[in-house]
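Only one structure is covered here, and it is reproduced in the block below.
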Amino acid sequence: MNEGVYDERRLRDFMAGRTSGFSRRTLLALTAAAGVGAALPGSPAHAAGPIVKPLPADLFRSLGTNAETLWSALKGQGYYVPVDRFFVRNHTVTPAIDASTWSLEISGSGTRTAHFTLDDLKRLPSVTRPVAIECAGNGRGYFTTQQGQTVAGTAWRLGAIGVGKWTGVRLSTVLRKAGIRKSAVDVQPIGLDPNFVSGGVDLGPVRRPFPIRKAFDDVLLAYELNDEPLPPDHGFPVRVVVPEWIGISSIKWVGRIEVSAEPLFSPWNTQFYRLFGPQFPAEGAPFDRQVVKSAFELDPGATFPAGVRTRLTGRSWSADGPIRKVEVSTDGGTTWRRARPYGSTPGGVWQRWEYDWTPAAGEHVLLARATDVRGNTQPEVAEFNTLGYLFDAAVRVPVTAG
């Protein structure tokens, strides 16, 4: 068979969603052939910097183009994470965008083409709802430090999550107004940040598709966070907010939304954000949702006075629904006791809890594990995958009393 004909046939299969049996190398090659490197018209000419907002050491752990919230910085805070300590996940850098000239393009084979300015969106009915944005790699570092496994990617601890109060317009409202067609099956938001380059290959603007049924369920085009205009690092002037799905779905600085009558693919659902490893298919296993997790509102290595009653606090969350119970161990996992939930839980996104403990002098290992309403409980060991996604094991937190 002619090699060019074979490649063309493979590309047609890929674009039609028939990816079974493809290797990661083949998926990357097909993604490039599908036009991955194409620049997005209207992209900003320059970026303000890797991250614009201040990153004080008592609030953040800096990780290159990313910034992880320290859990000690959330102690005493309310349900919503304040903007000044909301984590930042950037593939490249935070772009500088002029809201007065920005517009959102809706186009593709599944819709008529339409453009919306920021004022256009604000004139549409608004919605406000609590949503967690969580990186798929949140907790990745513990695959190595706790389970002794080598994984690729940013070594997040547990601070790559933030629950915010997001205000905007339903994506479904905008799609209907644009003139979406009955043939539409996928939508793909495309960001205005600079193109992402990996291994010397320009993969184009950050983008990741999701089904039209999700777009019409609960997705927002948000222009406010915690009752204020979106800050630059969090998607100004408008970002996509996809409840219950991994953070990469909630594209920041959105400039275009492709609506397609055929399945859509990008490096962010073929090369990245798939589960690879010995127990997964060669082409990887797709996933969209996070898992149940818990975190203490303190830093590893914290010191407490011995013999003095101490109130430990933390938060637990799950994409599969509200938390039903939280258990705490102060002896490395030998014994477990129930923590007390407290505070309001708008939307049931996460649960704050507390546990009173009088430590003896010496070193201790704290653990917290949660069970959600569907019966999902944090395990002792997270399932390994080479890109380090979905770490859900109870995290061991060393502390000292003295």
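The values are calculated or read from the model by the stated rules, or taken from the named source; none is laboratory data. Here the structure is a predicted model, which is why all the values come from computation and not from measurement. Here the Cβ positions follow ideal geometry from the backbone for every residue, glycine too, while neighbour counts run over all protein chains shown. Accessible surface is based on the protein model in full, side chains and every heavy atom, while ligands, DNA and RNA are left aside. Shrake-Rupley method; radii C 1.70, N 1.55, O 1.52, S 1.80 Å.
Can you pull out every residue in the range 100-109 that is touching a helix residue (DSSP H, G or I) at 6+ places or on another chain (Cβ under 9 Å) and open to solvent by 30 Å² or more (accessible area, probe 1.4 Å)?
Within the range 100-109, the first condition is being touching a helix residue (DSSP H, G or I) at 6+ places or on another chain (Cβ under 9 Å), and the residues that meet it are 100, 102-104, 106-107.
Within the range 100-109, Ser100, Ser103 meet the criteria.
Does Ala393 satisfy being over 23 Å from Gln77 (Cα atoms), among the hydrophobic types (A, V, I, L, M, F, W, C), open to solvent by less than 20 Å² (accessible area, probe 1.4 Å) and within 20 Å of the chain's Cα centre (by Cα)?
Details: over 23 Å from Gln77 (Cα atoms): yes; among the hydrophobic types (A, V, I, L, M, F, W, C): yes; open to solvent by less than 20 Å² (accessible area, probe 1.4 Å): yes; within 20 Å of the chain's Cα centre (by Cα): yes.
It is true that Ala393 is over 23 Å from Gln77 (Cα atoms), among the hydrophobic types (A, V, I, L, M, F, W, C), open to solvent by less than 20 Å² (accessible area, probe 1.4 Å) and within 20 Å of the chain's Cα centre (by Cα).
Go through Arg140, Arg129, Arg112, Arg181 for me and flag whichever is touching a Gly at 6+ places or on another chain (Cβ under 8 Å), open to solvent by 50 Å² or more (accessible area, probe 1.4 Å), touching a residue at least 60 places away in the same chain (Cβ under 8 Å) and within 30 Å of Gly78 (Cα to Cα). Explain how you work it out, then say what you get.
Numbers: Arg140 fails: open to solvent by 50 Å² or more (accessible area, probe 1.4 Å); Arg112 fails: within 30 Å of Gly78 (Cα to Cα); Arg181 fails: within 30 Å of Gly78 (Cα to Cα).
Going through Arg140, Arg129, Arg112, Arg181 in turn, just one is touching a Gly at 6+ places or on another chain (Cβ under 8 Å), open to solvent by 50 Å² or more (accessible area, probe 1.4 Å), touching a residue at least 60 places away in the same chain (Cβ under 8 Å) and within 30 Å of Gly78 (Cα to Cα): Arg129.
If Asp227 meets every condition in (1) open to solvent by 10 Å² or more (accessible area, probe 1.4 Å); (2) more than 15 Å from the chain's Cα centre (by Cα); (3) at negative phi apart from one, which number is that one?
Asp227 satisfies every listed condition except (3).
Go through the range 199-231 residue by residue and tally those that are in contact (Cβ under 8 Å) with a residue 60 or more places away in the chain, closer than 24 Å to Phe272 by Cβ and in contact with a Phe, Trp or Tyr (Cβ under 9 Å, 6 or more places away or on another chain).
11
For the range 291-302, does any single residue satisfy the condition of being more than 23 Å from the chain's Cα centre (by Cα), exposed (fewer than 14 other Cβ atoms within 10 Å of the Cβ) and among the hydrophobic types (A, V, I, L, M, F, W, C)?
No, there is no match, as no residue in the range 291-302 is more than 23 Å from the chain's Cα centre (by Cα), exposed (fewer than 14 other Cβ atoms within 10 Å of the Cβ) and among the hydrophobic types (A, V, I, L, M, F, W, C).
So how many residues does the range 346-376 have that are surrounded by fewer than 16 Cβ atoms within 10 Å (Cβ to Cβ), more than 26 Å from Ala306 (Cβ to Cβ) and more than 20 Å from the chain's Cα centre (by Cα)?
Summing the residues that are surrounded by fewer than 16 Cβ atoms within 10 Å (Cβ to Cβ), more than 26 Å from Ala306 (Cβ to Cβ) and more than 20 Å from the chain's Cα centre (by Cα) in the range 346-376 gives 3.
Go through the range 247-263 and give me each residue that's part of a loop (DSSP other than H, G, I, E, B) and crowded, with 23+ Cβ neighbours inside 10 Å.
Ser250, Ile251, Lys252, Trp253
Considering only strands (runs of 3 or more DSSP E) fully contained in the range 121-192, which possess at least 3 residues that are small (Gly, Ala, Ser) and touching a Phe, Trp or Tyr at 6+ places or on another chain (Cβ under 9 Å)? Lay out the reasoning, then the answer.
Working: elements: 127-134, 161-170, 186-191.
Those strands (runs of 3 or more DSSP E) span 161-170.
What is the residue count in the range 235-246 for residues that are assigned to a loop (DSSP other than H, G, I, E, B) and open to solvent by less than 10 Å² (accessible area, probe 1.4 Å)? I'd like the intermediate steps shown before the answer.
The initial filter retains those residues of the range 235-246 that are assigned to a loop (DSSP other than H, G, I, E, B), namely 235-238, 242-244, 246.
Subset that is open to solvent by less than 10 Å² (accessible area, probe 1.4 Å): 235, 237-238, 242-243, 246.
Looking only at that region, the number is 6.
Could you check the range 322-345 and list, in sequence order, the residues that are exposed (fewer than 15 other Cβ atoms within 10 Å of the Cβ) and either under 18 Å from Leu74 (Cβ atoms) or touching a residue at least 12 places away in the same chain (Cβ under 8 Å) (or both)?
If the condition is that a residue be exposed (fewer than 15 other Cβ atoms within 10 Å of the Cβ) and either under 18 Å from Leu74 (Cβ atoms) or touching a residue at least 12 places away in the same chain (Cβ under 8 Å) (or both), then Asp331, Gly332, Gly333, Arg337, Arg338, Arg340, Tyr342, Gly343, Ser344 are the ones that fit.
Mind counting the residues in the range 59-116 that are over 30 Å from Thr154 (Cβ atoms) and either at pLDDT below 95 or assigned to a strand (DSSP E or B) (or both)?
Selection size over the range 59-116: 8.
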